[in-house]
Every structure is written in structure tokens, then in C-alpha cells.
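Input: a single structure, listed below in C-alpha cells.
The values are calculated or read from the model by the stated rules, or taken from the named source; none is laboratory data. Remember, predicted model here, so these are calculated numbers, not experimental data. Because the Cβ atoms are built from the backbone with ideal geometry, glycine has one as well, and the counts that use them run over all protein chains shown.
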Amino acid sequence: MERLADAPPFPWDAVMRVSLLHLRLSPEQLWRMTPRELAMVLGTRRPAGTLDRMALDDLMRSFPDREQLA
């Protein structure tokens, strides 16, 4: 397992350059972002996919809104 001390430093210069110059965020907007929001804006995290009908049906069977009478 990689130790934290061995990890490369976070690329703050690149993040600030992209956020402030290319995305035109204000410094306040940048520093108020959560790590997840920042990753989404920078394109390093993909948004969660949507459910298709089969997955929704499976969830509805697994977690019904109410007890079904037998």
C-alpha cells in the first residue's frame, strides 16, 4: 500500500490555473467547492449514471414501499 508521504503532491497550480483562467471561477467559488464538486468540474469524476428500467424494477422488488399481502 502506498504511504501518504510517498504520494505525489496535489497539483494546486494546475487546478487554480484551470479553475480561474479557463473555467472563469472566482477565487471564492473555487475555495467553496467540495472535493467532489471540484473533481466533477475538472472532469476527473463522471456523474453517476441513470437507472434503466430493469435496475429500477429490481430495486422496487428489493425495497417495496409497503408490505405486500400474501
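Report whether or not residue 37 is at pLDDT below 90 and in a loop (DSSP other than H, G, I, E, B). Judged against the criteria, residue 37 is not a match. Checking the stretch 46-69 against the condition returns no match, with no residue being assigned to a loop (DSSP other than H, G, I, E, B), surrounded by 10 or more Cβ atoms within 10 Å (Cβ to Cβ) and at pLDDT 85 or above. Residue pairs, Cβ under 6 Å, 6 or more apart or interchain, first in the stretch 1-20 and of a type outside the set (D, E, K, R), second at pLDDT 85 or above. List them. Hits for this filter: 19/25; 19/30. Within the stretch 7-23, if we keep just the residues that are in a loop (DSSP other than H, G, I, E, B) and of a type in the set (A, V, I, L, M, F, W, C), the residue that is farthest from the chain's Cα centre (by Cα) turns out to be 7.
Of all residues in the stretch 4-32, exactly one satisfies the criterion of being modelled with pLDDT under 90 and among the acidic types (Asp, Glu), namely 6.
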